[in-house]
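Trainee: Quick one: the structure is below, and I'll ask about it shortly.
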Amino acid sequence: RICGNKKCDTPSSISPTCKLSRKKNSNQSELCTVGTGWVRSVRAQKANVFLHVNDGSSLQSLQVVASSELSDPLLTFGSAVEVTGILKKSPHTKQPVELDAKQINVVGECNPVDFPFKIKERHGLEYIRQFPHLRCRTNAFSSLLRLRSEATAAIHSYFKDNGFVEINTPIITSNDCEGAGELFQVEPSGPDYAEGENFFSVPAYLTVSGQLHLEVMSGAFSKVYTFGPTFRAENSQSRRHLAEFYMVEAEISFTQSLEDLTKVMEDMFRFATEHVLAHCVEDVDLFHKHVTPGHRWGCDLKTEHEKYLVKHCGNIPVFVTDYPYDLKPFYARDNQNHPERTAAAVDLLVPGVGELCGGSLREERLNLLSARAGLNDVYSWYLDLRRFGSVPHGGFGLGFERYLQCILGVDNIKDVVPFPRFSHSCLL
Ligand code: 4AD
């Protein structure tokens, strides 16, 4: 941050807090700078104190050099500081510049005895998970959240660049898209409502998937996507299940084959991953150097099958297609000309995680769709989509947290989400 003290010869007026006068900053080529952030290290020598201050914008901390008169016992690991000084070319190769401090203000103290993270110690992801309100102060988790933000932006760019319209599908819905009954019911609470009062007049739930709403929109916009929170009341503490996770879902009209779908799945995966690798070199490096990739697997049969298939194919991402028809939800289309009845459905399995993405062609023929069991009145609007201008279409959903687990080699899904929600845990 460049100082805005009018007496300083600085380009813009950003900080009203600088106490330096122009006299002190007489060299016109030097900029008076205010650095703010949290202390990551403190090293005192006879004449000088060296600090590393990090503001979360990158893994790099700014080195601050101060004369020992500016030293303060409150300058501890984790404390918040505002440093005013002159930005200088650093004599060290590791960082291009350092801040020659003229004034250090401890904005927020941090008692090192009580603070759960210790200077120079490398804390494991499992340890830092115990402190959901503080773990973003660690290098590993702040890197993770920057990567998550960059991957989010990359996924949006992919869809924008490829002609998809973003749709905000509802969080509260009356449908159970997957038909698995893993629903959180939504009920009002508060003095105006009696217990169990039905606010919406129909049972309402937190969404398990935005797919059916996307199908509505693909009937007008051809190519649509959504990227939002999704909820599943899965009674699982496994390392790849959350009760609240983010799903990237796309729906494409006039698509006739699973290959059309797998191409979009693969292109999106490649684009986002290449973007993250190109834009977050340091953060990715941290993971690849210090976070042990997880290759432990859950124990249910399906996961074991996925593990076998990925291994069998040489530990690379694998598309599995044409599942038995009866295993797939009501919306899936069948394959024609298959001797066994199979669904035109595809899952993308990846090493270390298993199922990352699930998709299918949707049944667009009214008579076949209405013949499927379980479609009661709640779905009459869904059948209407097949009455009015129905077209062959298909789509998929990618679990965003599992994607991050996959590209970063993170063993437990709880470590790639800012505030994990899973059975028996809703901290904060
Ligand atoms: O395979 P799923 O259940 O597919 C659907 O919901 C489709 N309606 C999506 C669509 O076609 N639009 O879920 C899609 C992906 C899974 O492959 C998995 O990566 C992720 O969502 N997922 C979970 N991620 C974390 N925690 C959970 N409990 C998850 N359940 C599914």
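Trainee: Of 145, 134, which residue is touching a Pro at 6+ places or on another chain (Cβ under 9 Å), crowded, with 16+ Cβ neighbours inside 10 Å and at pLDDT 95 or above?
Mentor: 145
Trainee: Given the residues 355, 340, 401, 363, which is the only one that is surrounded by 14 or more Cβ atoms within 10 Å (Cβ to Cβ), of a type in the set (Asp, Glu) and more than 30 Å from residue 286 (Cα to Cα)? Walk me through it before giving the result.
Mentor: Numbers: 355 fails: more than 30 Å from residue 286 (Cα to Cα); 340 fails: surrounded by 14 or more Cβ atoms within 10 Å (Cβ to Cβ); 401 fails: more than 30 Å from residue 286 (Cα to Cα).
Just a single option satisfies the conditions, and that option is 363.
Trainee: Let me ask you something else. Return only the number of the condition from (1) touching a residue at least 12 places away in the same chain (Cβ under 8 Å); (2) of a type outside the set (Gly, Ala, Ser); (3) more than 30 Å from residue 343 (Cα to Cα) that residue 241 does not satisfy.
Mentor: (3)
Trainee: Still on this structure, I have one more. Kindly indicate the residue of segment 214-226 that is of a type outside the set (S, T, N, Q) and buried (at least 21 other Cβ atoms within 10 Å of the Cβ) and also nearest to the ligand (Cβ to nearest atom) among those meeting that condition.
Mentor: Looking only at segment 214-226, we keep the residues that are of a type outside the set (S, T, N, Q), and these are 214-217, 219-221, 223-225.
Filter once more, so that each one left must be buried (at least 21 other Cβ atoms within 10 Å of the Cβ): 214-215, 224-225.
Values: 214: 7, 215: 9, 224: 11, 225: 10 Å.
Checking each candidate, the answer is 214.
Trainee: A further question on this structure: Restricting the first residue to segment 375-399 and requiring it to be touching a residue at least 60 places away in the same chain (Cβ under 8 Å) and assigned by TED's automatic domain parsing to the domain that holds residue 175, which pairs with a second residue that is basic (Lys, Arg) and crowded, with 18+ Cβ neighbours inside 10 Å meet a Cβ separation below 6 Å and a spacing of at least six or different chains?
Mentor: That search, which allows pairs on different chains as well, returns 393/362; 394/362.
Trainee: To continue, here is another question. Tell me the residue from 323, 331 that is modelled with pLDDT under 95 and either over 31 Å from the mean Cα position of the chain (by Cα) or under 30 Å from residue 410 (Cα atoms) (or both), please.
Mentor: 323
Trainee: So, in segment 350-378, of the ones that are in contact with a Pro (Cβ under 7 Å, 6 or more places away or on another chain) and within 27 Å of residue 304 (Cβ to Cβ), which residue ends up nearest to the ligand (Cβ to nearest atom)?
Mentor: Among those residues, the one meeting the criterion is 350.
The values are calculated or read from the model by the stated rules, or taken from the named source; none is laboratory data. Model, not experiment: these values are computed from the prediction. So basically every Cβ, Gly included, is an ideal-geometry build from the backbone, and we count neighbours across all protein chains shown.
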